[in-house]
Structure formats: C-alpha cells, structure tokens
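For reference, the structure is listed below as structure tokens.
The values are calculated or read from the model by the stated rules, or taken from the named source; none is laboratory data. Note that this is a predicted model, so its numbers are computed, not measured. Cβ placement follows ideal geometry from the backbone for every residue including glycine, while neighbour counts extend to all protein chains displayed. Just the protein is used for accessible areas: all its heavy atoms, side chains included, with ligands, DNA and RNA removed. Shrake-Rupley method; radii C 1.70, N 1.55, O 1.52, S 1.80 Å.
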Amino acid sequence: MKPPIRIAVTGATGQIGYSLLYRIAAGDMFGHDQPIILQLHDITEAQSFFKGIIMELDDCAFPLLNQVIATDNLEVAFGDADFALLVGARPRGEKMERKDLLAANGPIFRQQGKTLNSVAKRNIKVLVVGNPANTNAFITLKNAPDLDPRNFSAMLRLDHNRALSQVAQKINVPVSKINKMIVWGNHSNTQFPDLSHATVENQKILELMTQDSDWINDTFIPTVQNRGSAIIAARQGKSSAASAANAIINHMRDWVFGTRENDWVSMGVLSTGCYDIPTGVIYSFPVTCKNGQYQIVEDLKITPSDHQRMQQSYQELLTEQEAIKNLFN
Ligand code: NAD
Ligand code: LMR
C-alpha cells in the first residue's frame, strides 16, 4: 500500500465541499490505490458543520480514508500538505460579477499564501477555486515566495467542461470524442472559449460547422462566458457546486496523472509571455500535463480577432490586480 497523501481543503463545510470531499475520499482524484488524509479547514463560525460532514465520511467507510482533520487553524490544515484546494471564499450573488468579490476574498488568499509558504510541503500543488479565482491564485502565489510558482493554478476547468458540453450537444457527439478545446484568460465573462483548434475524431470542428459561425459567436461563446450567472439564477441564488467539484477532480487528476494523448486542457497558470500575454498574471492557457508538470501548448495560430479577445481578458486581470496590489506582500 502507498503511504497516505495529505489533501488540504478550505471552505470545506460549504456547498462545493459537500460535493467534493466524498469523491476525493472515494479515490476519484488520486486513484483507488492511494490512501488519503483529509485536512479540512473552515472559519471558526462554521466548525459546528463539520460534525455531520465527518459522521457521513465515517458512514461511507471509505477504504482509502486514513484520517480526517477538521480545524479553523490554517497552519494545521496546511501542515505538511501535498495538495491544497483553496475553495473557501464568498460566492457572488445575483447581479454581481466575480471581480466584485475581490475586496472580500482577496485578503483570505494573502493569509493562505503566507501560511502555505511556512508550513506546506515544498512541492505542494495548489488549486485556487474561490473567486475571482485567477487573481486570488496570483495573490496566493505572491505571498508564498519560497514555493515554486509553477505549483499554483486557478480553476478554469469548469469553463472548459462547459464548452465541451455545449459543442457536443450542438454536433450531437459524445463529449469524449471532442479534443483540443480551449478557454483562454480570466474565469470571468471576458474569458474566450475558443473552438478554432478543437477536433472531433481528428477533424477540425470548424470545418464541420461552416454554416454555424452565428451560433459560435452569438450562442456558444456567450453561453460559456455567462454560464456561472445562469446557474446562479437557475439555482435561485446558489452558485454551481456539483459541477465545480467535478472540475476540481478533473483538474487535479490531469495535473498529477497527465492529460489524454492528442488532447489538452485549460488551466489558469502563471503567464510566461507566450501568446502576447506578458508574465505576471494567472491566465488560462491550453496545457498538456505529464509527470506532474504542466506545459503550455505554444505556437498555435491565433487570428487577429481572437488575439483581441485574449488581450481583453488580460487587461481585465491587470485591472483586478491594480485594485488589490496592497495584498501582494
Ligand atoms: P459556500 O458559501 O457554500 O462555501 C464557502 C465556504 O467558505 C463556507 O464554508 C465559508 O465558511 C468558507 N469561508 C468563508 N471565509 C473563509 C475564510 N476566510 N477562510 C476559509 N474559508 C472561508 O460557497 P461555495 O459554493 O462552496 O463556493 C466557494 C467559492 O468557490 C466561491 O468563491 C465561488 O464563487 C467559487 N467558485 C468557483 C468556481 C470556479 O470555477 N473557479 C466554481 C464554483 C464556485
Ligand atoms: C461558476 O463559474 O459557476 C462559479 O465561478 C460561480 C460564479 O460566480 O459564477
């Protein structure tokens, strides 16, 4: 049997937590031969909710679950952690944009970055989910200068999955047959869901959709960009939770075990200057993963109008950073 790995989850008593913890404990994230210790964090006021969550974890009798730690102390939650899933943060309400959460949520990630820097394993992998995810991931990374910046990421996988699903339904094929989808940029409504490299069974999807450019521009792109708001409206004020938890599983699994042959996924990672996105933002790029490392897929051909969309999302990230630059140290 492998030694157990330690997985820290913040905001663990929240909605996403309730869809996520049981799947991690069942082995969906790190495999059915990998024992797990869950290090669950939430704020002091939420500690009483842990009782029922832990009773249910016990009642699942998960063979892989070695231990559950529940705490309001970040040092305990992040101590020796191999992975940190930073979910804890306020969700937006109707009529809010995700960036409206920066003032409330930004400081959470400053504190978490600092604590990760002092107590986490030196090769910890961190996924930021709490919104606005890209800028929160950047705040976390900037406050953890002793950790490798390549081990910090923001979640755009939900947007990627949404894009896959919209197209699969449109052309009536199973999602699994679609490869090379991309969602560029910020996890906000400036993100750019880009179909131009996507394939179905090795054929370019755009070649199958020559009559559908109106659908792409007027339906596909805005539907994916605004799906978070549509879910909040449909769930009467609650944001996506089951699909977000599923995307967390997909993101971490691919990062650790590798992406599919002849495919890539979208991950928010530190920009390197490629595609004219200067260094210094967490931006979603197409990446392949192997041996626990991601690699940005470079040198894709970008049309001038797509370039403009990608820049627009970059500019929004700069504006977000400007608003909270006091949180970078
Ligand atoms: P929720 O309100 O159900 O749960 C949030 C949890 O965070 C609560 O348990 C709360 O006590 C906790 N929390 C609050 N302040 C905290 C702090 N300082 N430290 C640690 N925990 C704290 O919300 P949810 O639906 O689980 O969503 C959580 C976050 O994830 C939100 O910001 C939401 O917008 C975001 N989200 C992101 C994506 C994405 O694709 N990136 C998708 C869905 C949701
Ligand atoms: C989502 O995309 O569903 C989440 O980021 C929640 C939100 O605020 O849209």
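Assorted remarks:
- Solvent exposure of the stretch 157-322, expressed per residue, is 45 Å² of accessible area, with all protein chains present and a 1.4 angstrom probe.
- Of the accessible area of the chain, computed with a 1.4 Å probe over protein heavy atoms only, carbon and sulfur atoms account for 49 percent.
- Listed residue (Thr303, Thr71, Asn123) projecting farthest to the positive dipole end of the chain, Cβ model: Thr71
- Every helix of 4 or more DSSP H residues in the chain counts as -39500 (n - 2.57), and over all residues that averages to -11500 deg cm²/dmol at 222 nm.
- Cα centroid of the stretch 1-39 to Cα centroid of the stretch 63-108, whole Å: 14 Å
- For Lys99, a cut-off of 17 angstrom between C-alpha atoms picks up these aspartates and glutamates, skipping any fewer than 8 places away in its own chain: Asp159, Glu316, Glu320, Glu322.
- Most mobile of Ala245, Ala234, Ala70 in a GNM of the chain (Cα contacts under 10 Å): Ala234
- For the chain, built as a Gaussian network whose Cα springs stay under 10 Å, the top-fluctuating residue of Val265, Val129, Val68: Val68
- Here the chain is assigned +1 on the Cβ of each Lys and Arg and -1 on the Cβ of each Asp and Glu. Its dipole about the Cα centre then comes out at about 220 debye.
- Straight-line cross-link partners of Lys301 among the aspartates and glutamates, defined as a Cα under 18 Å from its Cα and at least 8 positions apart when in the same chain: Asp194, Glu207, Asp263, Asp276.
- When each of Lys142/Lys290; Lys51/Lys95; Lys204/Lys290 is checked by Cα-Cα distance, pairs over 30 Å: Lys51/Lys95
- Three semi-axes of the equivalent ellipsoid, the stretch 5-154, Cα gyration tensor, whole Å, largest first: 24, 19, 13
- Given charges at Cβ of Lys, Arg, Asp, Glu: the stretch 13-89 dipole, positive-most of Ala81, Gln39, Ile54: Ile54
- Within straight-line reach of Lys121, meaning a Cα separation under 19 Å, sit the following aspartates and glutamates at least 8 residues removed in sequence or on another chain: Glu75, Asp80, Asp82, Asp146, Asp148.
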